[in-house]
Amino acid sequence: MEQALIYVVPALGLVGLLAMAIKSAWVSKQETGDKNMVELSGYIADGAMAFLKAEWKILTYFAVIAGLLLAWSGTLVETSSPVIAISFLIGAFFSALAGYIGMKIATKANVRTTQAARTSLKQALKVSFTGGSVMGLGVAGLAVLGLGALFIVFYQVYVVAVGAGVNGKEMETALEVLAGFSLGAESIALFARVGGGIYTKAADVGADLVGKVEAGIPEDDVRNPATIADNVGDNVGDVAGMGADLFGSYVATILATMVLGREIVSLDNFGGIAPILLPMVLAGLGIIFSIMGMVFVTIKDDKGDVQKALNMGNWSSIIFTGIASFFIVRYMLPETLSIRGYEFTNMDVFYAIILGLVVGTLMSIITEYYTAMGKRPVLSIIKQSATGHATNIIGGLSVGMESTVLPILVLAGGIYGAYEFAGLYGVAIAAAGMMATTAMQLAIDAFGPIADNAGGIAEMSQLPEEVRGRTDILDAVGNTTAATGKGFAIASAALTSLALFAAFVGIAGIDAIDIYKADVLAGLFVGGMIPFIFSSLAIAAVGRAAMDMVNEVRRQFREIPGIMEYKAKPEYEKCVEISTKASIREMIAPGAIALISPLIVGFAFGPEVLGGMLAGVTVSGVLMGMFQSNAGGAWDNAKKSFEKGVEINGEIYYKKSEPHKASVTGDTVGDPFKDTSGPSMNILIKLMSIVALVIAPHISEKDHSAVADADMIKKEVKKEIKIVDGKKIETETITITK
């Protein structure tokens, strides 16, 4: 029984990759349009690949150095191994590969979506969403395949081969080495997200400020020298960066649950590893249910509701997962379990999973409300645009801050409820349940940048207005889905970070984080500060790169005669080069903060102070992530609302009006919020927690594992009596070794 289930996990990952290949082949067979459209999409693809090559060159140096350090550190403690370096490198490679898969299909799907939009909105949605689903299935498939296969290897080598129990130090070693996979994934994800975010927003801000505001030409106009760089940025930031981001989130969530599952002594039919296997099985089946949900994403005609179609696919995959989890939990887990003295039943685990799905759904609904066109928050920003640029900025900041209230209350309720159901394992499995449908979430998220690119190609190719109208419908929905995706990601990051934090506490040998201690309180404040300096560095990097871009666009308008009359072609490659160099240069400092600060605090001040810092960075980072992502999304859709005309105080305003110009300024301010620093927050808090988990054996205050194991054996004896006799009588007539 054990052998069958353990091999099902990577097999489900392979199913996801097979479905990805089929969908990718379908997208590739679609029509690409005329020669001009193909040429423009070629520029975008070449620019995206040039960036990835430059980024990978730097990240290869980082991965090799970090791998060598991990290999050396693996020799220093009993519960680690030099093999952690191999695990790290595989995680880094898979994370980069996930981003590459997404970028490759996006640069194919964009021009094909444009061509499809010449016929109908239904076909354009089908092509763009299928392109997004390729990325979603690729990310989920790689994550489940990588984690599942590596767990099989490490479980056999470190546990089965030596005849050890599943709750002892041997399994702790196996999971510590597996944590290297998550560390590699999150490290690459952070650099990819920050670097891609700087790239895309430097180009976007430069293109908007000079093209739309100064020159008065439409967005994505072929005359704008920065327009190709802007469209490249959609791929390297919102697709490749996002793919690596959610790959890391997915892996970290599953790993955190597995680490806590090791502490549960389980009388199951799978050799005692059911609590460890459960999150991987959920993730694997989530791929299947995401594939099923993708079938529902369709509309009848041009009047169809695209947002409703996407919601139908999303909710159906969530419902399928919820129903299946009931049977999975009943099948895998024994009736009663306990973790760190907290007793619960297998049905309590099911309730925690359902709670995680509900929290994820509510986070998406609330985020959609705060960022969608036609809703009160965006309408309030539109209204304040009538009185100028400053009031538009004030309105967007206010909406962003307000948008943290309901999500935080939902998140807090989810954490409390999940803990009440199944202790710390409940919190972790709730996050795993929430992330189970990552393939669908990412498909919905990735469809947005593809639609955005499609609209850009339509504008640059000067296609009929009805084509741009269809791509604009997809793009507007894409802005909302991007915001809801980021809300979903930050919610999962909060739950995952708490689970990682709990795992860190157990391995580091500390019982609690006492903020009454001065050094721990100091760590808490330092942790709370880190998201602010991280955001500052990211936003400032966008500002500096955007200044270079603005100057270059102005130079070309000034020095190349005939651009405005379509008689001369802009030097697109100069703008692509500016964004590439700036993003590679500027991503180093924010990444270094996330990686180095836990090392310094942990080794200099010990695990309890490090725990205080992690608590601070988690709370502050979640709030900053929600505020920035939602403010940016609301500003963006406020600007887009002017394209169809908006009513302010009884008067209709359109593009190029003074309120529209104010909304462009707000959107420009919001760009680095929603696409650079905001979405990086969830990687920041998880990466710091994973670094802490990896170094926990090195800074542990006592041999906590042996104490925990003895404690668990004692509890298991009690539980065995409960199962047999229905009485809570302590006895030593039974000895549990596995």
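The values are calculated or read from the model by the stated rules, or taken from the named source; none is laboratory data. If you're wondering where the values come from, they're calculated on a predicted model, not measured in any experiment. With ideal geometry, Cβ positions are generated from the backbone for all residues, glycine too; neighbour counts draw on all protein chains shown. Accessible surface is based on the protein model in full, side chains and every heavy atom, while ligands, DNA and RNA are left aside. Shrake-Rupley method; radii C 1.70, N 1.55, O 1.52, S 1.80 Å.
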**OP:** Could you check Ile84 against (1) hydrophobic (A, V, I, L, M, F, W, C); (2) farther than 30 Å from Glu701 by Cα; (3) within 24 Å of the chain's Cα centre (by Cα); (4) modelled with pLDDT of 90 or more and say which number it fails?
**Re:** (2)
Subject >> Residues located in region 1-33, provided they are crowded, with 21+ Cβ neighbours inside 10 Å and hydrophobic (A, V, I, L, M, F, W, C) >> reply: Ile6, Val9, Leu12, Ala19, Met20, Val27
Original post:
Which is under 23 Å from Asn110 (Cβ atoms) and in a helix (DSSP H, G or I), of Gly237, Gly286, Gly293?
Top reply: Gly237
Original post:
Among (1) among the β-branched types (Val, Ile, Thr); (2) over 30 Å from Asn637 (Cα atoms); (3) surrounded by fewer than 18 Cβ atoms within 10 Å (Cβ to Cβ), where does Ile365 come up short?
Top reply: (2)
Original post:
Does Asn346 meet the test of being within 28 Å of the chain's Cα centre (by Cα), open to solvent by 10 Å² or more (accessible area, probe 1.4 Å) and polar (S, T, N, Q)?
Top reply: no
Original post:
Considering only residues of region 316-338 that are part of a loop (DSSP other than H, G, I, E, B) and either open to solvent by less than 20 Å² (accessible area, probe 1.4 Å) or among the basic types (Lys, Arg) (or both), which is farthest from Leu5 (Cα to Cα)?
Top reply: Pro334
Subject >> Residue ID - surrounded by the fewest Cβ atoms within 10 Å (Cβ to Cβ), chosen from residues in region 115-153 that are in a helix (DSSP H, G or I) and free of Cβ contacts under 8 Å to residues at least 60 places away in the same chain >> reply: Val153
Original post:
Restricting the search to region 290-308, which residues are in contact (Cβ under 8 Å) with a residue 24 or more places away in the chain and either aliphatic (A, V, I, L, M) or surrounded by 24 or more Cβ atoms within 10 Å (Cβ to Cβ) (or both)?
Top reply: Ser290, Ile291, Met292, Gly293, Met294, Val297, Ile299, Val306
Original post:
Does Ala615 count as at pLDDT 90 or above, closer than 30 Å to His389 by Cβ and either in contact with an Asp or Glu (Cβ under 9 Å, 6 or more places away or on another chain) or of a type in the set (Gly, Ala, Ser) (or both)?
Top reply: no
**OP:** Tell me, please, whether a residue that is modelled with pLDDT of 90 or more, over 19 Å from Ala538 (Cβ atoms) and β-branched (Val, Ile, Thr) can be found in region 647-664.
**Re:** no
Subject >> Gly341 open to solvent by 10 Å² or more (accessible area, probe 1.4 Å) and not basic (Lys, Arg) >> reply: yes
Original post:
Of these, Gly33, Gly42, Gly16, Gly47, which one is closer than 30 Å to Thr471 by Cα, modelled with pLDDT under 85 and either part of a helix (DSSP H, G or I) or among the small types (Gly, Ala, Ser) (or both)?
Top reply: Gly33
**OP:** Considering each residue of region 159-199, count those that are open to solvent by 10 Å² or more (accessible area, probe 1.4 Å), assigned to a loop (DSSP other than H, G, I, E, B) and among the hydrophobic types (A, V, I, L, M, F, W, C), and give that number.
**Re:** 1
Subject >> Of residues in region 95-114 being over 14 Å from Met242 (Cα atoms) and not aliphatic (A, V, I, L, M), the one most open to solvent (accessible area, probe 1.4 Å) >> reply: Lys108
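For (1) touching a helix residue (DSSP H, G or I) at 6+ places or on another chain (Cβ under 9 Å); (2) without any contact (Cβ under 8 Å) to a residue 60 or more places away in the chain; (3) open to solvent by 10 Å² or more (accessible area, probe 1.4 Å); (4) within 23 Å of Ile198 (Cα to Cα), each residue gets a yes or a no:
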{"residue": "Trp635", "(1), (2), (3), (4)": "yes, no, no, yes"}
{"residue": "Tyr653", "(1), (2), (3), (4)": "yes, no, yes, no"}
{"residue": "His660", "(1), (2), (3), (4)": "yes, no, yes, no"}
{"residue": "Thr665", "(1), (2), (3), (4)": "yes, no, yes, yes"}
{"residue": "Thr676", "(1), (2), (3), (4)": "yes, no, no, yes"}
Original post:
Within region 34-90, which residues are acidic (Asp, Glu) and open to solvent by 30 Å² or more (accessible area, probe 1.4 Å)?
Top reply: Asp34, Glu39, Asp46, Glu78
**OP:** Examine region 259-271 for a residue that is in contact with a Gly (Cβ under 6 Å, 6 or more places away or on another chain) and either farther than 16 Å from Asn453 by Cα or not basic (Lys, Arg) (or both), and state whether such a residue exists.
**Re:** yes
**OP:** Kindly indicate the residue of region 520-571 that is open to solvent by 70 Å² or more (accessible area, probe 1.4 Å) and of a type in the set (Phe, Trp, Tyr) and also nearest to Phe191 (Cα to Cα) among those meeting that condition.
**Re:** Phe532
